[in-house]
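Reading through the structure tokens given below for one structure.
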Amino acid sequence: MSCVLSKPVGIVEKKLVPSEAIILQGLPDVGLVGLIAASHIISQLKLTEIAYVESDLLPPVVVLHEGFPHAPLRIFGNSELIVTISETAIPAKAIQPIMRALVDWGQSKKMRLMVSIGGMPVPDRQDIKDPQVFGAASTLSLLNTLSAKGVKILKEGYMVGPYALIMRYCAERNLPAIALLAQSFYNYPDPEAAAAALKELTKITELKVEVSKLLEKGEEIRLRARDVMKRTQRELTQMKKSQEYDLPLYV
Amino acid sequence: MSRKRRRSIFELMREYMEDFEAAAEEMAELAVAERPSWDVRSSCLEPLCNIFVTTDEVVVTADMPYTEPENVKVKAISEDRLEIGAKMRQKVRFDDFGITHREGEFSSFRCQVHVPVPVNMERMKVYFKRGILEIHLPRSRGYEIKVE
């Protein structure tokens, strides 16, 4: 077991972590889009837990599965794919150090690509049948790749939250990262948006993910995810997520 | 005209007081928010709700999976409070979530929503779209002040 410490956050490795893998971030955010997508991938590809995030900045929460306690922020993977998932809302104050640690860790593992899946809140989401997905990238070449694959690019505006920081930290270090953001509800779990983002992900990477089961289980997911959504919403308010609605001022 | 202005200031103060009271009420609700999102005794789950206040209306939405539009009931219980209820298509048990240390089953959604600004409850319109309940409440109109 080894630990890459980027104080005050540590990543504790339980198993051999592959190098040059794709790292997917599925952290609680608007509509729990990333969390639902990551959870679906972990279950469909039968990924196993390879590491977890240790930090005193996280609330004193453990999650029980089959009677055993687990850290709420865990990392799953196989030989090619690594997926980070958090089963509890991440406190707004902990987001910066945790995202910095995740990017540090990805860099130390010579990640091939870091993908953040998330939601882009739209007030009239219930009127939208097929949510559109927008992309952002940390490098010009990846931005061109997204465009070439037909992904609509987020050109101007604000990004707030976990994936916003991941994109910034990766851009600063010229690390390869993309964000795929599906139009979503702000504070209702949105499996349809997660499915839309995953469909775009399969266009960009060689990952094969089937979303029909995710859509079939949509109502069940919405019911099960209510409490995590409620706690996530409080953190979204703290981090002023609504700034994503704002019109930017450029001088 | 000056009388009108004075009244409008009082009106403004009343609105401030209402805002303050609403904020205090929200704080009070937050203080009791650390309660479960379910109630075994009434077999009810609390739906996730949202309130948008626009210039013309207040839009209240609620996420209601396992619900059909014909089983949803919306009632104005006072000038500024709505009660939302809906019978679910199927019962849900703790066991369905893998929870074996609690007992109980849930067959409906129920919650009360505080409307933060004066509205005309009689002109309420209710829609149900893609599992989301959407309630439109036109905002009350006061008198118009002539621009000098």
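Rg/Rh for chain A (Cα atoms only, Rh after Kirkwood) is 0.93.
As a test, work out the antiparallel percent of DSSP beta bridges whose residues both lie in chain A, rounded to the nearest 5.
Numbers: 27 of 46 bridges.
For chain A, the DSSP antiparallel bridge percentage is about 60.
Taking only the alpha carbons of segment A:118-233, we obtain Rg and Dmax values of 14.7, 41 Å in that order. The fraction of Cα-Cα pairs per 10 angstrom bin, counted from 0 for segment A:1-127, comes to 13, 46, 33, 7, 1 percent, rounded to whole percents.
Can you compute the charge dipole magnitude of the protein assembly as shown about its Cα centre, using +1 on each Lys and Arg Cβ and -1 on each Asp and Glu Cβ, nothing else charged? Give it in debye, rounded to the nearest 20.
On the way: 54 positive and 54 negative charges, 105 e Å.
In total the dipole reaches around 500 debye.
Within the listed set A:Gly106, A:Gly135, A:Gly218, the residue fluctuating most in the Gaussian network model of chain A (springs between alpha-carbon atoms under 10 angstrom) is A:Gly218. Dipole orientation for chain B: of the candidates B:Leu137, B:Pro36, B:Gly104, B:Leu137 has the Cα lying most toward the positive pole (charges on Cβ; Lys, Arg +1; Asp, Glu -1). A Förster distance of 35 Å, applied to the separation of the beta-carbon atoms of A:Lys152 and B:Thr54, puts the FRET efficiency at 0.80. Taken over chain B, the alpha-carbon convex hull comes to 124 cubic angstrom per residue. Seen from B:Lys129, the other residues with C-beta closer than 11 Å to its C-beta sum to a net charge of 0, counting Lys and Arg as +1 and Asp and Glu as -1. Per DSSP H run of at least 4 residues, take -39500 (n - 2.57); add these up for chain B, divide by its residues and hand me the 222 nm value, nearest 500 deg cm²/dmol. Calculated at 222 nm, the ellipticity per residue is -7500 deg cm²/dmol. Charged side chains reduced to their Cβ positions (Lys and Arg at +1, Asp and Glu at -1) give segment A:144-199 a dipole of some 220 debye around its Cα centre.
Applying 1/(1 + (r/R0)^6) with r as the Cβ-Cβ distance of B:Lys129 and A:Lys7 and R0 = 51 angstrom yields a FRET efficiency of 0.60. With a Förster radius of 35 Å applied to the C-beta separation of A:Glu216 and A:Ser79, the computed FRET efficiency comes to 0.75.
Bear in mind these aren't lab numbers, they're just calculated from the coordinates by the rules spelled out. What you see is a predicted model, and the numbers here were worked out from it, not measured in a lab. FYI the Cβ positions are ideal-geometry reconstructions off the backbone, even for glycines, and counts take in every protein chain you see.
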